[in-house]
Amino acid sequence: MHDYLLSLVLGIIEGLTEFLPVSSTAHLRIAESLFHISLSDGYWKMYTIVIQLGAILCLPVYFRTRIAKLLSTFPHGERGDRTALTHPLGLIVVAFVVTAVPAFLFTKIIGKHLESLPIMGASLLIGGVVMWMVDSWNAKSEAAGRGEEGRIHTWKMEDVSLTQAVWIGACQILSAVFPGTSRSMSTIAAGQVARMSRAAALEFSFFLSIPTMAAATGYDLLKSLHGKNANPIGVAQIDQHGWMVLAIGLVVSFLVAYVSVAWFMAWVRKRGFAPFAAYRILAGGLVLIFATHFVG
């Protein structure tokens with residue numbers, strides 16, 4: 001496959017799967033096996049970081065109005081009952097800090113040993129079952145609406161509590177330790193378990209992903225540029241062809257991620273996460289079969 005076409009395909013995969021609860025890492029790893037390329041070596045390692053940055057950039061653009069409003073109401077909130085710690089922006093920082101240190105330590109120790117198709121397949125399948133159970137658990141309350149008694153008591157991101165933020169940050173560690181779990185899936189399911197509505201859990205997940213993914217990809221990019229990876233690559237080593245491949249992947253992942261975020265927000269508010277859970281279960285089973293029979 002020509003590098004330009006390959007970059008287009010990988011950019012689409014990254015953009016589609018980064019914010020949906022289906023694991024972009026697992027899908028890129030599957031693509032690596034199908035297209036017979038190594039996304040962990042040299043140039044292609046940098047490429048995966050660049051297209052992930054492209055996907056990340058869509059969030060501040062898509063949520064620019066919400067971000068501006070949150071900044072303008074900091075630290076007291078819209079109702080004037082918040083502090084710097086309990087304002088949504090403060091809670092996002094809290095959840096990020098809860099995730100950052102343990103995730104960094106765990107991935108340094110065991111992360112690389114878990115980047116295998118069987119583990120990713122199992123993570124997809126188990127995560128799908130968990131997501132299905134949690135979403136079904138909350139379905140009745142979602143259908144009843146805010147005026148009815150039910151499990152859910154946090155309908156908006158502005159009402160998220162400190163305890164809920166800490167819980168979501170802790171659950172996000174799973175996605176760093178077990179590739180295929182999906183950062184989005186772990187934070188959304190955690191939010192629902194903590195009695196948040198689908199919309200509140202999803203929006204908090206998106207906002208939390210901005211610092212989380214920016215820190216992770218920035219760290220990986222610095223390692224690639226400064227020779228701390230096994231197969232480092234410097235900017236000076238990239239020729240015109242290489243820059244074009246990077247640019248295609250960056251732009252495509254940004255555009256596709258932007259559309260997928262907009263679609264996902266609208267879908268979840270009306271229909272929930274069950275189709276994504278079913279997809280994870282099916283994909284996980286297929287990956288396990290593929291890894292067992294076709295990958296040596």
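The values are calculated or read from the model by the stated rules, or taken from the named source; none is laboratory data. Keep in mind that what you see is a predicted model, and the values were worked out from it rather than measured. In this analysis, Cβ positions are derived from the backbone assuming ideal geometry, glycine residues included, and neighbour counts consider all displayed protein chains. Note: areas computed on protein heavy atoms with side chains; ligands, DNA, RNA excluded. Shrake-Rupley method; radii C 1.70, N 1.55, O 1.52, S 1.80 Å.
For His2, the conditions (1) crowded, with 18+ Cβ neighbours inside 10 Å; (2) free of Cβ contacts under 8 Å to residues at least 40 places away in the same chain all hold with the exception of (1). For the range 192-218, a residue qualifies if it is within 14 Å of Pro21 (Cβ to Cβ) and among the basic types (Lys, Arg), and exactly one does: Arg198. Inside the range 116-131, residues that are over 16 Å from Arg183 (Cα atoms) and crowded, with 20+ Cβ neighbours inside 10 Å make up a count of 1. Of the residues that make up the range 13-23, is at least one over 13 Å from Ile248 (Cα atoms), outside any helix (DSSP H, G or I), open to solvent by less than 70 Å² (accessible area, probe 1.4 Å) and in contact with a His (Cβ under 6 Å, 6 or more places away or on another chain)? The answer is no, given that none of the residues of the range 13-23 is over 13 Å from Ile248 (Cα atoms), outside any helix (DSSP H, G or I), open to solvent by less than 70 Å² (accessible area, probe 1.4 Å) and in contact with a His (Cβ under 6 Å, 6 or more places away or on another chain).
Among the residues examined, Ala103 does not qualify as over 22 Å from the mean Cα position of the chain (by Cα), farther than 25 Å from Phe290 by Cβ and among the hydrophobic types (A, V, I, L, M, F, W, C).
Can you pull out the residues in the range 81-96 that are open to solvent by 50 Å² or more (accessible area, probe 1.4 Å) and either in contact with a Pro (Cβ under 9 Å, 6 or more places away or on another chain) or modelled with pLDDT of 95 or more (or both)?
Once the filter is applied, which keeps residues that are open to solvent by 50 Å² or more (accessible area, probe 1.4 Å) and either in contact with a Pro (Cβ under 9 Å, 6 or more places away or on another chain) or modelled with pLDDT of 95 or more (or both), the range 81-96 yields Thr83, Ala84, Leu85, Val93, Phe96.
Listed here are the residues, each with its yes/no results for (1) surrounded by fewer than 23 Cβ atoms within 10 Å (Cβ to Cβ); (2) assigned to a helix (DSSP H, G or I); (3) out of contact with any Leu (no Cβ under 6 Å at 6 or more places or on another chain).
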{"position": "Ala165", "(1), (2), (3)": "no, yes, no"}
{"position": "Gly169", "(1), (2), (3)": "no, yes, yes"}
{"position": "Ile173", "(1), (2), (3)": "yes, yes, yes"}
{"position": "Met185", "(1), (2), (3)": "no, yes, yes"}
{"position": "Ala189", "(1), (2), (3)": "no, yes, yes"}
{"position": "Gln192", "(1), (2), (3)": "no, yes, yes"}
{"position": "Ala201", "(1), (2), (3)": "no, yes, yes"}
